[in-house]
Each structure stands twice: as C-alpha cells, then as structure tokens.
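Just so it is clear, none of the values below were taken in a lab; they were calculated from the coordinates. Every value quoted in this text rests on a predicted model; they were computed, and no experiment measured them. Cβ coordinates were reconstructed from backbone atoms using ideal geometry, including for glycine residues, and neighbour counts include every protein chain displayed.
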Amino acid sequence: MKPISLIQFLIEERRANHINAELSLLIEVVARACKRIAVATGKGALGDVLGNAGTDNVQGEAQKKLDVISNEILLEANAWGGHLAACASEEMEDPQPIPDGYPKGHHLLLFDPLDGSSNIDVNISVGTIFSVLRCPDNAVEPKAEHFLQPGTTQLAAGYVVYGPATVLVLTIGHGTHEFTLDREVGSFVLSRRNLRIPEATAEFAINMSNQRHWEAPMQRYIGELLAGKDGPRGKDFNMRWVASMVADVHRILTRGGVFFYPMDAKIAAKGATGKLRLMYEANPMAFIVEQAGGVATTGRQRIMDVQPTALHQRVPVFLGSKQEIELATRYHMDA
Ligand code: AHG
C-alpha cells in the first residue's frame, strides 16, 4: 500500500468533514515545529542543548535548555500562520497573543513543549503534548479565562515522542492515529490507524518511590497488583516507569497498560492538587486515550469533565486500559 503522509491524511479528514481547513493547517504547523524540536533533541551533546537554562518556569521548576528552545520553536512557528487566536504554554505564566501585524484565527493552542525534561540529559525519550480549543467568538484579545474549557471541548490533541523514532499521535475526535517521521523525506507518514488500547492488561506505570505518601485506595489497588498470582487479582503484573508521560502513554497505546500519577500527601503538603497539568498534559492525553478505547480519570471523575479554574491547574491522572482504570477509580469512589 502507498504510504499516506500526515498532509494527505488531513486532506482526507477535511473531505470527510471531520476537520476544517484552518484546524488542518494548524496541525501541520505544530507537526512542522515538532520536526525542528526532533532535530534539536537529536543533536544531544553536539548541539549545546543539554543542561539547565538557568531560569525557572511559571511552576518554579528549573528549565532545561531544551524546554526553552522547544517553547520558542512552537511560539515562533505558530505566530504567523493565521489560524490561532492565542496560545498558552506550560512554560509561560500567561497566554501568548498573536503578535501585531499577523492575521488571527479561531483556535487556541495549548502545549507542553518538552514533557519529561528530566530525561533529556540521560538520552531517554521526551515529547511534546498539544491540545486545540475553539476560541470563544467574543474574545478579541484572548485571556486565560478563554482557555478554561473542559477537555470535552477539545477539537484536536496530540503528542510527539522523540525516541528511537520520532512519532506523532493525533486525534481529531475520530479515532487515534500514529504517524512516524520519515527522516530522509522529512514527513510524518501514517504508521497505525485507529489505535486500540486492550480493555485488560497486566502492566502498570507508577512512581513507586511515592508509595508511602499515597491515599489508602491507591495503596490498596497497587498492593493487590504487587501481590501477583497469589493475591486477590490472581495474576502477576509487570511494572514500567519512564518518567516521560509521552513515552509511558505511547507504550500503553502500543501494547496496553495503565499509567497513574495519583494525589499524595507530599503533593498536598505543597498545597497542590496533583502533579500533572490538566490543560497541557491530562486533557490532551485523556482525549487521545479515550479515542483509542481507554479510560482517563482523576480517580474520582472523568478527566475531560473537569471544569478548569486556572490555566496551570494540576490534577491526579489515571489512564489506560478500561478494566484497570475503572477498578482503581471505583476503589477511590468507594473510599
Ligand atoms: P517534566 O516535564 O517537568 O519533566 O514532568 C514530567 C512529568 C511526566 O511526564 C512524568 O510522567 C512525571 O512528570 C514524572 O514524575 P516523577 O519525576 O515523579 O517520576
């Protein structure tokens, strides 16, 4: 079969009335920017891209050089295209308006330019996550409040994982699809259509070093998995943790599994409501996972139903294979 490029795929989706021209162009621009990020990450020690930038982001976290470079690549690529009303980044306190003199569009773009940045210096997969919303009609100068829409209103979401291969995973609400970057040709090529996450799994991802801080229902759920064949679940479970959500989610979309970043006492002591960001990480990943037949909750509520109250809001994240996420969520609801 002839390979289908991302551009061809988007044209087909336009013909099927799944997407309009402006959104299709916006996705192309994001994909193009991610190719540049892939080149930057691929340079490693030869490109002066490793190590800290010497600055903190809005969350008070030390920024890596590649966090800053990736953020700038995405901002610059999206400034002049004419399909955006504004964008917001995990790395910036306030939304970025479209610079004067450039045409404006009808969409809002949110992104985590480089997720899993603790992995950069040790040459492990990192990624970019993005989400697209419609800009409310009356918003002349979109502000944070215009971005505060629940995940169910997302028009598109995707991530790019910069691993042994650079892979883009995309949903526009009609299934979840995977494109692999053909480095020689420079284009993303459809590699898997309609990814499906199996309902059952025997593999979980969680940062076990936080175990003593978890709430009782999480202790119970993971305790049962660890008990293996002789425990109440009657089977052995395997564990993986990359510390890049993109890489962990990509594994789940490839062979099933579940990912948890639950609430814990350490997070609560900082006055936070979770570790991962609702708008830049949880919502786009929830959309991608649900479109592949998986489930995504906060442990107590469907992630995409959460009404955001702040641009940088954090939430607990449970996502992946349906049976396990439903069970872990039930333990939390019943507690
Ligand atoms: P960051 O982008 O700040 O590196 O955060 C990464 C996120 C997510 O991608 C990953 O699953 C999680 O944080 C890792 O958390 P731990 O450091 O607790 O393992």
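Take the conditions within 13 Å of the ligand (Cβ to nearest atom), in contact (Cβ under 8 Å) with a residue 24 or more places away in the chain and within 23 Å of F179 (Cα to Cα) and apply them to L114. Does it pass? The answer is yes for L114. Take the residues of segment 222-236 that are part of a helix (DSSP H, G or I) and touching a residue at least 12 places away in the same chain (Cβ under 8 Å): which is nearest to R277 (Cα to Cα)? The residue in question is I222.
Each row is one residue, and each column tells you yes or no for (1) closer than 19 Å to S244 by Cα; (2) surrounded by fewer than 21 Cβ atoms within 10 Å (Cβ to Cβ).
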position: P284; (1), (2): yes, no
position: I288; (1), (2): yes, no
position: A296; (1), (2): yes, no
position: G299; (1), (2): no, no
position: P308; (1), (2): no, yes
position: L311; (1), (2): no, no
position: L319; (1), (2): yes, no
position: R330; (1), (2): no, yes
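Every condition in (1) part of a loop (DSSP other than H, G, I, E, B); (2) within 16 Å of the ligand (Cβ to nearest atom); (3) touching a Gly at 6+ places or on another chain (Cβ under 6 Å); (4) not β-branched (V, I, T) holds for G60 except the one numbered (3).
Of everything in segment 117-130, what is among the hydroxyl-bearing types (S, T, Y), more than 9 Å from the ligand (Cβ to nearest atom) and within 16 Å of G44 (Cβ to Cβ)? Give them in sequence order. Don't jump to the end; show me each part of the working.
Step one: list which residues in segment 117-130 are among the hydroxyl-bearing types (S, T, Y), which gives 117-118, 125, 128.
Those still in the list that are more than 9 Å from the ligand (Cβ to nearest atom) too: 125, 128.
Within segment 117-130, just S125 meets the criteria.
When you check P95 against the structure, is it touching a Phe, Trp or Tyr at 6+ places or on another chain (Cβ under 8 Å), surrounded by fewer than 24 Cβ atoms within 10 Å (Cβ to Cβ) and not acidic (D, E), yes or no? Yes, satisfied.
Looking at segment 285-324 only, could you name the residues that are outside any loop (DSSP other than H, G, I, E, B) and out of contact with any Leu (no Cβ under 8 Å at 6 or more places or on another chain)?
Here is the first cut: in segment 285-324, the ones outside any loop (DSSP other than H, G, I, E, B) are 285-291, 295-297, 302-305, 314-315, 317-320, 322-324.
Result: F287, E290, Q291, R302, M304, D305, F318, L319, G320, K322, Q323, E324.
Filtered by the rule that a residue be farther than 16 Å from M208 by Cβ, more than 12 Å from the ligand (Cβ to nearest atom) and not in a helix (DSSP H, G or I), segment 237-261 gives a lone residue, G256.
Just one of (1) touching a residue at least 40 places away in the same chain (Cβ under 8 Å); (2) within 25 Å of H332 (Cβ to Cβ) trips up S209, so point out which. Exception for S209: condition (1).
Tally time: how many residues in segment 67-92 are closer than 22 Å to T41 by Cβ, small (G, A, S) and touching a strand residue (DSSP E or B) at 6+ places or on another chain (Cβ under 8 Å)? Residues meeting the conditions: 2.
One residue stands out in segment 262-281 among those that are away from the ligand (no atom under 11 Å from the Cβ) and among the aliphatic types (A, V, I, L, M): the one that is nearest to A328 (Cα to Cα), namely M263.
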